[in-house]
Every structure is written in C-alpha cells, then in structure tokens.
1. Listing His212, His597 from the residue with the fewest other Cβ atoms within 10 Å to the one with the most, what is the order?
2. Quick one: plug the Kirkwood hydrodynamic radius of the stretch 595-647 (C-alpha pairs) into Stokes-Einstein at 10 °C, 1.306 mPa s, and report D in µm²/s.
3. Find the all-direction average of the projected area of the Cα convex hull for the stretch 114-249, expressing the result in square nanometres with one decimal place.
4. Just how many pairs of Lys in the stretch 207-345 have C-alpha atoms closer than 28 Å, counting pairs that are eight or more places apart or on different chains?
5. Please list 3J(HN,Hα) in residue order for the stretch 146-159, calculated via the Karplus relation 6.51 cos²θ - 1.76 cosθ + 1.60 where θ = phi - 60°; whole Hz, with x for glycine and proline.
6. Taking a cut-off of 18 Å between Cα atoms, list the aspartates and glutamates near Lys28, but don't count ones fewer than 8 places away on the same chain.
7. Cut-off under 25 Å on the C-alpha distance; same-chain residues fewer than 8 positions from Lys584 excluded. Which lysines are left, in chain and number order?
8. Given only helices, namely DSSP H runs of n ≥ 4 each adding -39500 (n - 2.57), what is the per-residue ellipticity at 222 nm of the chain, to the nearest 500 deg cm²/dmol?
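Values quoted throughout were computed directly from the atomic coordinates according to the rules given, and no laboratory measurement underlies them. Computed from a predicted structure; not experimentally measured. Neighbour counts run over all protein chains shown; Cβ positions are idealised from the backbone, glycine included.
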Amino acid sequence: MLLLAVFAVSGKAQIAVRGIIPQPLVVKNDHVVYTFPLHLAIGLGDDVDADNLTFFKSYVRSLTGVEPSVNNKMVYPNVWLQLDSNGVQAKEGYTLTVKRNKITITGHDEAGVFYGLQSLAQLLKISNGKLTLEGYDISDHPRFAYRGMHLDVSRHFFEPAAIKKWIDLLALYKINTFHWHLTDDQGWRIEIKKYPLLQSISAYRDETIIGHKKDSPHRFDGKRYGGYYTQDEVKDIVKYATQRHITVIPEIEMPGHALAALAAYRQLGCTGGPYKAATFWGIFDDVYCAGNDETFTFLQNVMDEVLPLFPSKYIHIGGDECPKTKWKACPKCQKRIQDEHMKDEKELQSYFIGRMEKYLNSKGRQIIGWDEILEGGLTPGATVMSWTGEEGGIAAAKQHQEAIMTPEKYVYLDYYQSLYPEEPLAGGGYTPLSKVYNYEPITNELSGEEAKYIKGVQANAWSEYMASPEQAERQLFPRMLALAEVGWSSKSNKNYADFLKRLRYQQPLLKRLKVNAANVFDEIIDSVTETANHQVALTLKTTLPGAKIAYRQEGDKAYTTSESNSVTIEPHSFNKAIVLLNGKQVGRTYEKSFTFHKAIGKKVTLKNQPQGGYNPGNTFSLVNGVFGSKLYNDGQWYGFSGDDLDAVVDLGSVQSVSRLGINILKYHWQKMWEPTLLTFEASADGVNYTEVYRQTDFPDNGINEVRANIKTQQARYIRVKGTNKGIIPPGEYIAGAKAWLMVDEIVVN
C-alpha cells in the first residue's frame with residue numbers, strides 16, 4: 001500500500017489552493033490561515049461510509065505521525081463529513097468549507113465525500129507543529145462521468161504492489177476508472193482456471209526484443225519472460241480500487257491480438273498453428289478464427305471466470321487491429337460469411353463483436369471496444385473507445401451511442417514527452433504535457449444533443465518500452481495529472497499556465513510519494529518559422545516563470561542572455577541554449593542544427609498531400625534547413641500512404657545548381673518503405689524538365705541521406721519524384737497494407 005505524504009510550505013509564498021489538481025469548479029479563499037491540532041478528530045454524519053477514510057487516514061498519518069480518530073458521536077470534531085444529495089446535486093460532487101474551528105465536507109454521494117477528502121489532503125500543511133489551512137469555500141463536481149487511465153500489462157508485467165501504488169495516485173487526482181489491458185499477443189495475464197495452459201504457456205514468451213521495433217535486424221535478450229495475476233490477486237486489486245471509488249474495467253482482446261492464447265489453444269486459430277507468444281511489438285496476422293464455434297465457447301468460458309472478478313458495468317473486448325488475411329484464406333471463416341449472408345470480412349468482424357456482445361449483455365454487462373468495432377457496422381449498445389483519432393467517437397455519438405475519447409495523438413502516454421535526444425526510448429510520437437492538457441474531448445462537429453454521448457476521456461499507456469515501474473511512472477507522470485484536469489475541470493476553468501503553477505506546487509509531493517515523475521515540462525521548446533524575406537527564424541521559449549534563456553551559436557565564445565523567457569534569433573548552423581533561473585542553469589541543454597542551401601524558404605508545390613500524423617500542414621518544413629530526426633516525431637517528416645512523392649521547388653530565379661538531395665526514412669517494421677525509384681529533374685521554365693539524377697537503392701535502415709552531385713544546370717525549378725512501394729508485399733510486416741513513403745528536406749546547392 002502506498003502511504004501518502006505531504007510537504008510543508010513556510011509562509012504565504014504560495015496560495016494553497018494552487019496545489020489542487022484537478023482545478024475545482026468554484027473556489028473562494030478568505031486568505032486567513034487557521035490552525036488545527038495534529039491529531040485530527042473526524043466525525044461522520046448519518047450514512048457516511050467509514051471506508052472513505054482509509055486512504056485519507058494514511059495520508060494524514062504519514063504527514064503528522066498521528067492517525068486521525070473517527071467517531072460519529074463526537075461533539076466537537078475538527079472534520080465533519082456528511083451526505084446531502086439535495087444540497088450538492090451533481091454526482092461525485094462535494095463542498096469543502098474551512099472555517100476557524102471546523103472543516104466540513106458535504107458530498108452528493110460517497111464518491112463526493114471521498115473526493116472532498118482528496119482536495120483537503122492536497123491543502124494540508126504543517127507549520128510550527130500544527131496543521132494549517134487557509135479559509136476556503138469550495139464547490140466542485142466533475143465535468144465527465146468517465147475519467148479513465150489505461151495500463152497495458154501484457155507487454156510488460158507489473159506486480160500487484162505497483163498497480164496499487166498507481167491506483168492510489170489515480171484516486172488522489174480524482175480519476176475514477178482503471179482500464180486494465182490483460183491480454184495481448186505478448187502475454188496472457190489473468191488466471192483462467194478452466195484453461196490452465198493460459199497460465200503455463202500463454203503467460204510467457206521465449207524472449208523479448210531489445211531496442212525499438214523499427215530496428216533491423218531485430219535483437220533479442222534470450223530470456224523467458226512473463227507472469228500473470230491469480231484470481232485472488234485480481235479480487236484484491238479490484239477491492240482496493242473500489243475502496244477508492246475507482247472502477248476497474250478488464251480488457252480481454254478479441255478477435256485480434258490473440259497470439260498468446262493461440263500458443264496454448266492452437267485449434268482456435270485459422271491455420272492450427274503452431275503459434276508462439278510474440279517476442280516483439282506490432283500487429284500479427286494470426287487471430288481468433290471467426291468461423292469456429294469453439295472460439296466463441298472458449299471466449300464465453302473465459303468471460304464466465306472474468307465477470308465475477310470485476311463488478312464493472314463495462315467489459316472491454318478490444319476489437320482493434322485485426323488483420324483479415326487469415327480469415328480471407330480460412331474455409332471456416334468464408335463459410336460463416338456465406339451462411340450469415342455477409343458481404344466481406346469487415347462484416348465478419350462485426351458479427352464476432354456482436355455475438356460476444358449478446359453473450360455479455362445476457363450476463364448484465366455492456367461492451368467497450370476500440371473504434372475498429374465500427375467496421376462492418378456498429379453493434380447497438382456498444383460503447384466506442386476512439387483511439388485512432390476522434391472520428392470513431394464522433395461517428396458513434398452521431399448514432400446516439402456512447403463514446404469515450406482517447407485519441408492517440410493527444411493522450412497516449414507511451415509517446416515521447418520531450419524532443420530532447422536524451423529522452424529514454426519510448427513508443428513514438430510526441431505528446432508533451434501541454435498537448436495532453438489542451439485536449440478538448442467535445443469537438444465542434446457534435447451538436448449539443450450529440451455531445452451528451454461523449455461520456456468522458458481516457459489516457460492510454462502501452463508498456464512496450466516500459467520494462468519497470470520506474471520507467472512507467474516517468475511516462476505517466478506528470479501527464480496523468482493533465483489528463484485528470486481534462487476529465488474533471490470545467491472547460492472555462494482550464495488554464496495551462498495556472499495548471500503549471502499548481503503542478504510545480506505538487507512536485508515535492510510527487511517526490512515524497514516516490515513517484516519517478518518526469519520534470520521536463522519547463523525545458524526549452526522551439527519553433528522554426530519563415531521570415532518575410534523567405535529565410536528562417538528560430539524562437540526559443542520556456543514556461544518557467546522568472547527564467548531567462550541564454551543561447552550560444554556557431555562561433556560564439558560565450559552565451560548571450562535574453563531579457564525574458566522567450567527569444568527569437570536568426571539561426572546558425574549550430575545553436576545551443578539553456579534555461580537560467582537566478583543565474584543558474586535549470587534542466588538540460590538544448591541543441592539544434594541547421595543546414596543552409598539555396599532552397600531555404602522557397603515555394604514548394606506538392607501533387608499529392610501528405611497524410612495522417614505526417615502532414616506538418618504546410619510545405620515549409622521541406623525547405624527550412626532542419627533535418628527530421630530518426631524518431632520521426634518532430635513534425636519534419638512528410639508521409640505519403642500509398643501515394644507517390646511529386647514535389648516542385650521554385651528557386652525564384654534561374655541559377656546554377658550542381659548538388660541535390662533529400663532524406664528518405666526506411667523502417668519496414670513501421671510500414672515505412674523506400675521508393676522504388678527516386679528522380680530529380682531540373683527546369684528553367686517550369687514546363688520542360690530534364691532528368692538529372694535517379695536512385696533505386698536505399699540501403700540504410702533509418703535515414704537515407706540522398707546527396708547527388710550533378711552536372712551543373714541553369715535551373716529555377718527542381719522536381720523530386722519518388723515512386724511509392726504501394727502495397728506491402730507478402731512475407732513482410734503488415735503485408736497487404738499501404739506502404740508509407742517518408743521524406744524530408746529537399747536540398748539544393
């Protein structure tokens with residue numbers, strides 16, 4: 001169990017309410033400091049459950065060394081807890097009043113009382129041997145009923161003690177749902193007594209990949225890895241969470257991400273195997289056979305053991321990333337399509353989801369699935385968890401079906417939170433704290449009535465690159481606190497600068513809780529923009545109040561200190577900067593390099609538009625002098641899914657050109673393929689082009705820097721053409737999918 005601790009703040013340098021996360025709805029502060037004895041006496045009104053105090057008592061005990069006494073017969077309690085659903089009308093809502101001799105928390109329900117206690121816990125301080133509190137009158141309730149945090153334990157397994165620690169932290173920040181991802185290709189993590197091979201075979205993999213999935217060739221550690229939670233451990237964790245007003249929703253993946261289960265029960269796959277639990281991360285063609293009735297018998301029997309362990313209304317059944325390759329070649333699946341008069345394999349997936357939903361409905365439960373359950377038609381009553389973007393949640397809400405927003409580009413906490421090269425290995429993408437905080441779950445595409453079907457928001461943490469609790473905590477915190485405020489606080493009350501003040505107030509608390517939180521949110525962030533004369537400007541900023549930025553460039557012997565926490569400079573080939581607070585460096589050193597050439601800032605025209613997360617929104621990044629990183633998460637790379645590259649650079653005037661270049665990203669394990677043909681063409685008039693270079697070989701796994709010395713041309717226009725691989729060939733990762741052609745920085749000299 002995690003024993004919560006708090007820290008003392010001397011004087012009135014910080015207003016205590018700035019420490020509350022998530023931001024309460026209404027706060028009135030009389031700025032008068034009241035003192036209370038270390039030995040708090042707590043009185044309970046009628047029907048208030050004493051279990052609400054389990055968490056709070058441990059908090060106060062660790063702060064004061066004395067556990068509060070609880071007695072509902074007390075005449076003069078310091079803290080009075082009561083229920084009043086008329087006075088506090090919103091579910092999970094509470095009021096918290098601090099006066100000279102008494103602290104009163106009134107909850108709409110038990111959850112409201114509990115959340116009032118969490119706010120009180122964040123306000124408590126010690127001064128001169130007594131507890132101190134400023135006078136407050138707080139009225140608060142959540143914006144969304146569903147406030148979720150997901151954790152994948154299939155890729156890496158976390159012991160029950162770590163799970164309980166994180167549950168304590170969810171409770172402290174008023175997150176009320178723990179989405180527990182228990183099965184996947186790399187491991188089955190829950191005991192099912194009817195199927196013992198799930199414990200002896202499916203819970204373990206032969207070895208684990210070293211480094212990132214995109215690396216080639218893959219390297220492995222050669223160590224058997226695994227583990228699972230016994231049903232008794234699951235019951236204990238669920239009870240622990242319930243005492244903290246957290247609902248635990250299990251996820252049992254189907255019909256895809258099934259390799260670990262198939263390794264034990266090979267008859268459930270389309271080919272009969274043999275199968276093994278996956279040793280690296282990704283999407284795999286071997287899935288549950290949808291034409292085999294034994295598949296459904298197995299999954300229903302699994303659910304019969306899962307349901308008694310989890311009293312949640314919802315059961316998550318996955319439904320995502322299910323390749324149809326094996327279904328297309330499977331006689332049983334094709335017979336099912338024919339017998340059920342379905343059009344294709346997408347409708348077969350809908351049939352699969354619908355059949356399992358009916359079974360769970362018969363047990364009094366409802367399903368949640370990732371947004372791929374929309375394929376082939378959304379089954380009535382299913383709740384969509386929208387992860388690939390917001391479109392799935394929007395589509396569900398427009399059909400008047402419930403949705404939970406969890407789009408990967410905003411709330412995936414396995415993504416990088418900083419672009420500094422020192423960041424530890426992560427899943428990919430770039431999701432800084434500010435991006436999580438500024439996410440708005442209700443899109444403008446929804447009417448007021450449709451918006452009611454957006455039940456809440458959730459952040460997800462996939463554990464591919466989180467091998468230990470410490471690594472997981474660095475990814476989760478402090479971004480989980482931003483997620484808490486997105487889910488709880490009213491839209492009008494949100495303010496990122498104010499959130500950062502309260503987060504800084506929380507930093508010592510997180511340290512005392514032994515949370516390995518990342519502290520990178522005040523580091524330098526940059527932006528590269530085009531100037532009026534078609535050159536580039538580099539702007540450096542930090543969110544740290546009172547800080548200044550000092551920078552040093554190519555040829556400089558010393559740093560130049562700015563007058564504020566923001567500075568715009570003309571970049572040089574090499575740029576370095578640091579954050580200074582009171583004359584001392586804070587955080588890591590920022591560095592950025594530029595490559596200057598004739599195409600800098602020039603107009604670029606694209607025949608085909610880049611797609612998805614690889615569309616910077618303009619063409620400037622193709623000619624801004626900044627080379628995209630090997631992590632492809634910095635907004636520099638342009639991605640064409642199945643389409644060719646066809647770009648024309650206008651140099652503005654005819655001039656001598658003798659060297660051309662472009663960067664190509666090749667990671668077959670990320671569906672990123674080199675072009676089958678790359679050509680450069682030159683033209684003086686933009687009509688008549690002459691091919692001056694071609695290349696078909698791109699040997700490097702990673703960035704291929706194409707640099708071509710050509711016969712000097714008199715040209716104004718340079719055309720770059722790259723032929724997309726098209727469909728990924730058989731035998732390759734994600735065969736049959738569209739290949740990505742990834743390019744960056746067209747270099748002209």
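1. Values: His212 20, His597 17.
Ascending number of Cβ neighbours within 10 Å: His597, His212.
2. Working: Rh = 11.7 Å.
Rounded, D is 136 µm²/s.
3. So the Cα hull casts an average projection of 12.9 nm².
4. Close lysine pairs found across the stretch 207-345: 26.
5. Once rounded to whole Hz, the list reads 9, 10, x, 10, 9, 9, 8, 10, 7, 5, 9, 9, 10, 5.
6. Glu134, Asp137, Asp140, Asp498
7. Cross-link targets: Lys12, Lys501, Lys511, Lys541, Lys548, Lys557, Lys576, Lys592.
8. It lands at -6000 deg cm²/dmol.
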